[in-house]
Each structure stands twice: as structure tokens, then as C-alpha cells.
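Below: the structure, in C-alpha cells.
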Amino acid sequence: MIRGHGGNIYALAESLGCPVDAIIDMSSNVNPLGPPPGLMDHLQNHMNLIRALPEVDADAAVRRFAEHFDIPVNQVLAGNGTTQLIYALPRALETRLALIVGPTYADYHDGCRQNQADSAYWLTREGDDFQPDFKAMESLLTPCDAVYICNPNNPTGVLVEGDVLRRLSRKFPNKTFVVDESYLPFVAPPEQWSLMTKRPDNVVVLHSMSKIFRIPGLRIGFMVGDPALIERMQSFSLPWSVNSLALEAVQYLLAPNEGIDRFVDDTRRMLNDEKEAMTRRLSGIPGIRLFPSATGFFLVRLPDPHRSQEVCRQLAQKKILVRDCANFTGLSDRFIRISLQTRAMNKKCTTALEALLST
Ligand SMILES: Cc1ncc(COP(=O)(O)O)c(C=O)c1O
């Protein structure tokens, strides 16, 4: 569903008659500090790559990823963003019915629908801070052949321990668990939470490069899974689906590089500080509810009588774009999601929200 995502900076810039760069985009969950130092120069120095076809199957990037995460190379596949993989998985898995732990990213549902697979949501509750109680979910698993879990979850920011997911997936060896770890690099240390290590055979892990490195326009993501599934996915892949610059970016970003490691550490530190500062100030608004998040975005329940569409519209007039969560199954027009940006931008958004919501 091409229109099922967050705010559109291009449409807003056009309607306000301003350049896209003038919009403070707090609707998109990408690293405010990115891209990492040196990447732009590196890509500019490699522009001549676009004069030839990229590697047909992204083989060198797959090897680089496998080496970086210490995973056998036959368990890794590259895609045109994790999006390509999300939309191909139901076909490769021959999914008939998927259970999606929600509220969450809509593309799991849309990927199933595009492949004529049914899907149903199992919704966590606001009263539990959207923490999943998987025991309560287990009885619903019988008719399902695939389960989707986003960890940490978009848009709630909830993070589940890797061992909880390992135990759950081992208990249901005949079902495939698709665990989307696109936002896990924002959590320290991700190895402690990731299912890429000690991965049960029936677990597929998705890993986006778009978020932590702020390269969503390059379109590159990976999946880690059983070799037989990787082979099946390959048989459905389009040739050259990852472009030359994206492949070159992988070589730069995943080679041993202290500068990149420092950049990721700085990101985590900065986002934690900003989250603390912004949530401290926003908590002063009567009736507001802020949900704890492991990532650089967080969910907000608006105080009565405010509704998301009007709040987003008023912020947009001030050139601030946040995510209206009304179209997430399991949420409503009472919720918005804010992705942290730089200190100055966060302050501007906080001040605007205080003015809007304190009335
Ligand atoms: C949870 C989640 N997974 C996957 C994606 C897709 O990212 P990409 O295709 O850029 O890797 C997104 C994008 O917003 C997302 O929020």
C-alpha cells in the first residue's frame, strides 16, 4: 500500500510553497545525525559506478554483511530495502495465514495481501504500555503459518528480549517467525537483543540499512534466514535489484571502521538525551501520555479533546511533520508518533505542542 506510510515531506513542501529542506521531518524514523561521516564523499568518489550494471545478485554486499555479523553467507539475502523482502516473503513462504503482532508497521499486512495471503492482527494493549504478553497469543497460533514481530516495534518503541522470542519460536517449530530488527541498531548493545545470533531455524530476521545510517533513498536492506528459504527468495528476486551506489555504501558502512562505530554510539547517546529532555517537557502537558520507547521515536496519546489530524495539520503549518497514527490498526486518532531530530528541532516541536495542547 504505497500510501500507508508516514507524512509526505514533498507534498507538504509543495502545499506550503517552501523547499523540502525547510520542513522539520519528525515523521520519518531515520537517524538525525546521519548519514555517517565520509559516506557522501565516498559515494561521490564512486559515481562512475552507475555507468555499469551493479552485481546481479549483490553478492559482495551479502558477503560483507555476513562477515560483519559473523553469519554464514548462505543465510543472507540483500534486497531493495527490507521492503522488497517484506513483499516477497509471503510468496516464498507460501503463507496462508499470518499473525501480526500489532499495532505495527502496515507493510507486513500489505505484503501478505499482495501475495493473496490472509493476515490477522493480535493487538497489544495501551493499558499494558503495548508490551506483548505472548502467553495470551499462543492459543491463536494454531491456524497460522507465519508470525510477524517488529523488535523494537514501530510505532510503539517496545523492545522484547531476544530470549523471549527464541523460546516462543522454538515452541512452534512449524511456523515461521519474521522478526523485523530494522530499529535494533538504535539500541545498545544490539547483539544482546538480536536474533541474528543463536537464530532458531524457523526465524527470519530483517535488517534495514535505511534507518541507522539515514540512507533510505539508497534502498538497501538484508534478511537472515534458513539457506533453503534464502534460495527460494533468490528465485523470486529481480536481477540488479540493489543499485551500484547502495552496494558501494554497504562496503563503506560495514567494513571495520572506528569512525562508523563512534557515529552509532554518538547516535544512541544523543537520542537518549533528547528523548529524556523532550519527554520531560511534554509530560508537563495536562492529560498527555508518552509511551516508553527503546528507539529514537516515541508514541504520544493526545490529551482530550485533541485529535491527531488537527494536531498534525497545525504542526504542518509550522513546517513540522509528525506521524498521524490514525491509520495504524490498533491505534486511533488519539495518537501521534514523534521521531527525534536535532536539539533545536526537538525544542521547536516541543514548544509548538505545548502551545497547541495546553489549551
Ligand atoms: C519497521 C520497519 N521495517 C521496515 C521498513 C522498511 O525500510 P527499508 O525498506 O527502507 O529497509 C520500515 C520503514 O519505515 C519500517 O518502519
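Take residue 188 and decide whether it is farther than 29 Å from residue 30 by Cβ, in contact (Cβ under 8 Å) with a residue 12 or more places away in the chain and among the small types (Gly, Ala, Ser). Even if it seems obvious, please write down each step before you answer.
Values: farther than 29 Å from residue 30 by Cβ: no; in contact (Cβ under 8 Å) with a residue 12 or more places away in the chain: yes; among the small types (Gly, Ala, Ser): yes.
For residue 188, the condition - farther than 29 Å from residue 30 by Cβ, in contact (Cβ under 8 Å) with a residue 12 or more places away in the chain and among the small types (Gly, Ala, Ser) - is not met.
Does residue 200 satisfy the criteria of being in the same structural domain as residue 89 (by TED's automatic domain parsing), outside any strand (DSSP E or B), modelled with pLDDT under 95 and out of contact with any Cys (no Cβ under 8 Å at 6 or more places or on another chain)? Give the derivation first.
Working: in the same structural domain as residue 89 (by TED's automatic domain parsing): yes; outside any strand (DSSP E or B): yes; modelled with pLDDT under 95: no; out of contact with any Cys (no Cβ under 8 Å at 6 or more places or on another chain): yes.
Considered against the rule, which asks whether it is in the same structural domain as residue 89 (by TED's automatic domain parsing), outside any strand (DSSP E or B), modelled with pLDDT under 95 and out of contact with any Cys (no Cβ under 8 Å at 6 or more places or on another chain), residue 200 comes out as no.
Within the group 49, 43, which residue is surrounded by fewer than 18 Cβ atoms within 10 Å (Cβ to Cβ), not assigned by TED's automatic domain parsing to the domain that holds residue 298 and not small (Gly, Ala, Ser)?
On the way: 43 fails: surrounded by fewer than 18 Cβ atoms within 10 Å (Cβ to Cβ).
After ruling out the rest, the residue left standing is 49.
Of all residues in segment 145-161 being in a loop (DSSP other than H, G, I, E, B) and more than 10 Å from the ligand (Cβ to nearest atom), which is surrounded by the most Cβ atoms within 10 Å (Cβ to Cβ)?
Pass one, segment 145-161, residues in a loop (DSSP other than H, G, I, E, B): 145, 151-161.
Add one more test, that the residue is more than 10 Å from the ligand (Cβ to nearest atom), and what stays is 145, 156-161.
Working: 145: 18, 156: 31, 157: 23, 158: 24, 159: 19, 160: 20, 161: 11.
In this case the residue turns out to be 156.
Given the conditions (1) in contact (Cβ under 8 Å) with a residue 40 or more places away in the chain; (2) under 20 Å from the mean Cα position of the chain (by Cα), and given that residue 326 satisfies all but one, which numbered condition is not satisfied?
Exception for residue 326: condition (1).
Can you name the condition, by its number, that residue 32 falls short on among (1) in contact with a Ser or Thr (Cβ under 7 Å, 6 or more places away or on another chain); (2) within 14 Å of the ligand (Cβ to nearest atom); (3) touching a residue at least 60 places away in the same chain (Cβ under 8 Å)?
Evaluating residue 32 over (1) in contact with a Ser or Thr (Cβ under 7 Å, 6 or more places away or on another chain); (2) within 14 Å of the ligand (Cβ to nearest atom); (3) touching a residue at least 60 places away in the same chain (Cβ under 8 Å) leaves (2) as the failure.
Tally up the residues in segment 132-144 that are part of a helix (DSSP H, G or I) and closer than 20 Å to residue 205 by Cα, please.
Quick first cut of segment 132-144, residues part of a helix (DSSP H, G or I) only: 134-138.
This time we only want the ones that are closer than 20 Å to residue 205 by Cα, so: 134.
Residues meeting the conditions: 1.
Which members of segment 100-120 meet the condition of being away from the ligand (no atom under 15 Å from the Cβ) and either assigned to a strand (DSSP E or B) or aromatic (Phe, Trp, Tyr) (or both)? Spell out how you get there, then give the answer.
Applying the first criterion (away from the ligand (no atom under 15 Å from the Cβ)) to segment 100-120 yields 113, 115-120.
118, 119, 120 - these are the residues of segment 100-120 that are away from the ligand (no atom under 15 Å from the Cβ) and either assigned to a strand (DSSP E or B) or aromatic (Phe, Trp, Tyr) (or both).
Go through segment 89-116 and count every residue that is under 20 Å from residue 240 (Cβ atoms) and buried (at least 22 other Cβ atoms within 10 Å of the Cβ).
Our first condition is that a residue be under 20 Å from residue 240 (Cβ atoms); within segment 89-116, this holds for 91-92.
Okay, now just the ones that are also buried (at least 22 other Cβ atoms within 10 Å of the Cβ), so 92.
Within segment 89-116, residues that are under 20 Å from residue 240 (Cβ atoms) and buried (at least 22 other Cβ atoms within 10 Å of the Cβ) number 1.
So, of the residues in segment 218-247 that are more than 16 Å from the ligand (Cβ to nearest atom) and assigned to a loop (DSSP other than H, G, I, E, B), which turns out to be nearest to residue 61 (Cα to Cα)? Before you say what the answer is, go through the steps one by one.
Taking segment 218-247 and keeping what is more than 16 Å from the ligand (Cβ to nearest atom), we get 226-232, 234-236, 239-240, 244.
The next check asks that each one be assigned to a loop (DSSP other than H, G, I, E, B); those that pass are 226, 239-240.
On the way: 226: 18, 239: 15, 240: 12 Å.
Top of the filtered list is 240.
Quick one: count up the residues across segment 162-180 that are assigned to a helix (DSSP H, G or I) and within 16 Å of the ligand (Cβ to nearest atom).
So the first thing to find is which residues in segment 162-180 are assigned to a helix (DSSP H, G or I), and the list is 162-171.
Filter again for within 16 Å of the ligand (Cβ to nearest atom), leaving 165.
Residues meeting the conditions: 1.
For segment 59-81, what are the residues that are closer than 17 Å to residue 232 by Cβ and within 16 Å of the ligand (Cβ to nearest atom)?
62, 76, 77, 78, 79
The values are calculated or read from the model by the stated rules, or taken from the named source; none is laboratory data. The shown structure was predicted, so the numbers you read here are calculated from the model rather than taken from an experiment. Ideal geometry is used to build each Cβ from the backbone, glycine not excepted, and the neighbour counts take in all protein chains shown.
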